[in-house]
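Asks: Mind looking over this structure? Questions follow.
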Amino acid sequence: MKDYYKGVEGFTNFALSDLKNISGGGVRCSCVKCKYKKFHQSYDVLMHILKKRFIEKYICWFVH
């Protein structure tokens with residue numbers, strides 16, 4: 001679980017490192033509930049993905 005957490009944390013940090021991915025101070029959330037439609041702060045995206053998982057078959061970064 002520790003490796004998964006670090007991977008998700010790296011993903012959110014990377015997503016926020018490129019200004020074109022940010023809208024209103026947040027980044028699109030790729031959890032199964034938000035489905036890229038909602039923008040959240042990095043910590044909230046991290047928690048959503050950890051608790052609700054990534055969208056199924058999320059292998060290619062195409063929305064961020």
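Throughout, read-outs are computed from the coordinates displayed, never taken from laboratory work. Note that this is a predicted model, so its numbers are computed, not measured. Cβ: placed from backbone, ideal geometry, glycine included. Neighbour counts: every protein chain shown.
Asks: Is region 2-52 rounded, prolate or oblate when judged by the Cα gyration tensor, a ≥ b ≥ c being the square roots of its eigenvalues, rounded requiring a/c under 1.5 and prolate requiring a/b larger than b/c?
Replies: Oblate, because a/c is 1.5 or more while a/b does not exceed b/c.
Asks: Which order, highest average first, do 4-14, 42-52 follow once you tally other Cβ atoms within 10 Å for each residue and take the mean per peptide?
Replies: 42-52, 4-14
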